[in-house]
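The values are calculated or read from the model by the stated rules, or taken from the named source; none is laboratory data. Small disclaimer: the values here were computed from a predicted structure and weren't measured. Positions of Cβ are backbone-derived with ideal geometry, glycine not excepted, and every protein chain shown enters the neighbour counts. Just the protein is used for accessible areas: all its heavy atoms, side chains included, with ligands, DNA and RNA removed. Shrake-Rupley method; radii C 1.70, N 1.55, O 1.52, S 1.80 Å.
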Amino acid sequence: MNKIAQGVRLWFAPQRIREEGDTPDYRFSLANERTFLAWIRTALALIGGGFAVDQFLPELVWGVRAGLALGLLASGVLCALRAVSHWVRCEQAMRRGEDLPVSRFPALLSLVVAVVAVAMVVVVLFGWEGV
Amino acid sequence: MTATTDRDPGLQPERTRLAWRRTTLSATVVALLAVRQALHGGVTPAALVAVALSALAWLGFLLVAHRRMLRMEAARPESLAPRGALTAALCTVALAAFAAAMLF
């Protein structure tokens with residue numbers, strides 16, 4: 001928990017990242033920034049999916065629709081916050097000359113997306129009659 | 001030495017600028033979906049507040065992206081400030097929060 005608090009404090013104190021280590025080649029920083037943006041786009045796509053489920057599947061029972069939409073929205077929020085934290089940790093690792101951090105998050109996210117996709121298939125196949 | 005001879009042959013600043021551009025386009029699509037959702041039940045005061053808040057989140061994102069894209073004009077841009085990264089992420093989270101609020 002302490003580690004998380006320290007990490008969050010770093011988000012708000014940009015100069016503290018620059019205090020330690022050496023500034024890496026600007027190309028590495030830009031590559032890190034593009035990875036961050038790719039994660040933000042993933043988050044935006046998940047959130048857009050949440051809106052779309054709610055707007056374009058009006059025939060669904062409210063509970064199923066809200067559940068699917070909330071699942072997509074929650075994973076979008078997680079994805080966006082995690083994008084910042086991963087970007088900060090990569091930036092720090094590059095400054096210190098350490099290995100880049102590894103993470104379980106991509107595997108978790110792909111599991112969530114797979115579960116939502118299977119749920120969608122089930123809903124489309126069997127959901128219409130129940131309404 | 002001029003900026004052109006100094007320019008990185010891998011076009012990293014350009015690629016980063018385009019990545020910001022793609023991301024603002026995605027944010028625009030989500031913001032439009034949010035407005036569509038808000039106005040679904042007709043133009044009520046609550047709907048107008050929701051539209052205004054979505055527009056605010058979208059504008060915040062646009063501002064961060066615009067300032068960052070201007071920085072990309074340099075031959076060797078500085079790395080992104082954490083505050084910019086955090087603002088972009090928070091605008092994204094705000095759009096998700098409105099979507100969740102509008103479900104109920």
Checklist outcome for this item: In the range B:49-104, anything touching a Cys at 6+ places or on another chain (Cβ under 6 Å) and aliphatic (A, V, I, L, M) is listed as B:57
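What number of residues within the range B:66-76 satisfy the criterion of being assigned to a helix (DSSP H, G or I) and either more than 9 Å from chain A (Cβ to nearest Cβ) or of a type in the set (Val, Ile, Thr) (or both)?
As a first pass, look at the range B:66-76 and keep what is assigned to a helix (DSSP H, G or I): B:66-71.
This time we only want the ones that are either more than 9 Å from chain A (Cβ to nearest Cβ) or of a type in the set (Val, Ile, Thr) (or both), so: B:66-67, B:69-71.
Count: 5.
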Next on the checklist: Please verify whether residue A:35 is within 14 Å of the chain's Cα centre (by Cα) and polar (S, T, N, Q), treating the condition exactly as stated.
Outcome noted: yes
Checklist entry - Looking at the range A:110-120, is at least one residue surrounded by 13 or more Cβ atoms within 10 Å (Cβ to Cβ), hydroxyl-bearing (Ser, Thr, Tyr) and out of contact with any Lys or Arg (no Cβ under 8 Å at 6 or more places or on another chain)? => result no
Checklist entry - Between residues in the range A:21-39 that are more than 8 Å from chain B (Cβ to nearest Cβ) and open to solvent by 30 Å² or more (accessible area, probe 1.4 Å) and residues that are small (Gly, Ala, Ser) and assigned to a helix (DSSP H, G or I), which pairs lie under 8 Å by C-beta distance while being six or more apart or on different chains? => result A:39/A:80; A:39/A:83
Item to check | Test result for residue B:54, at the interface with chain A (Cβ under 9 Å from one of its Cβ atoms), farther than 18 Å from residue A:79 by Cα, open to solvent by less than 40 Å² (accessible area, probe 1.4 Å) and not aliphatic (A, V, I, L, M) | outcome: no
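Go through the range A:53-73 and give me each residue that's open to solvent by less than 50 Å² (accessible area, probe 1.4 Å) and within 7 Å of chain B (Cβ to nearest Cβ).
A:54, A:55, A:66, A:69, A:73
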Next on the checklist: I'm told residue A:9 meets every condition in (1) open to solvent by 60 Å² or more (accessible area, probe 1.4 Å); (2) under 22 Å from residue A:94 (Cβ atoms); (3) more than 10 Å from every other protein chain (Cβ to nearest Cβ); (4) outside any helix (DSSP H, G or I) except one. Can you identify the failing condition by its number?
Outcome noted: (4)
Item to check | Close pairs from the range B:77-104: first in a loop (DSSP other than H, G, I, E, B), partner among the aromatic types (Phe, Trp, Tyr), Cβ under 8 Å, at least 6 apart | outcome: B:77/A:26; B:78/A:26; B:79/A:26; B:80/A:36; B:80/A:87
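Yes/no matrix, rows are residues, columns are (1) surrounded by fewer than 19 Cβ atoms within 10 Å (Cβ to Cβ); (2) within 29 Å of residue A:19 (Cα to Cα):
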site	(1), (2)
B:17	no, yes
B:43	yes, no
B:49	yes, no
B:68	no, yes
B:80	no, yes
B:86	no, yes
B:95	no, no
Checklist entry - Of all residues in the range A:1-17 being touching a residue at least 60 places away in the same chain (Cβ under 8 Å) and not β-branched (Val, Ile, Thr), which is farthest from residue B:82 (Cα to Cα)? => result A:7
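Which ones in the range B:30-41 are among the hydrophobic types (A, V, I, L, M, F, W, C) and open to solvent by 20 Å² or more (accessible area, probe 1.4 Å)?
Across the range B:30-41, the qualifying residues are B:32, B:33, B:35, B:39.
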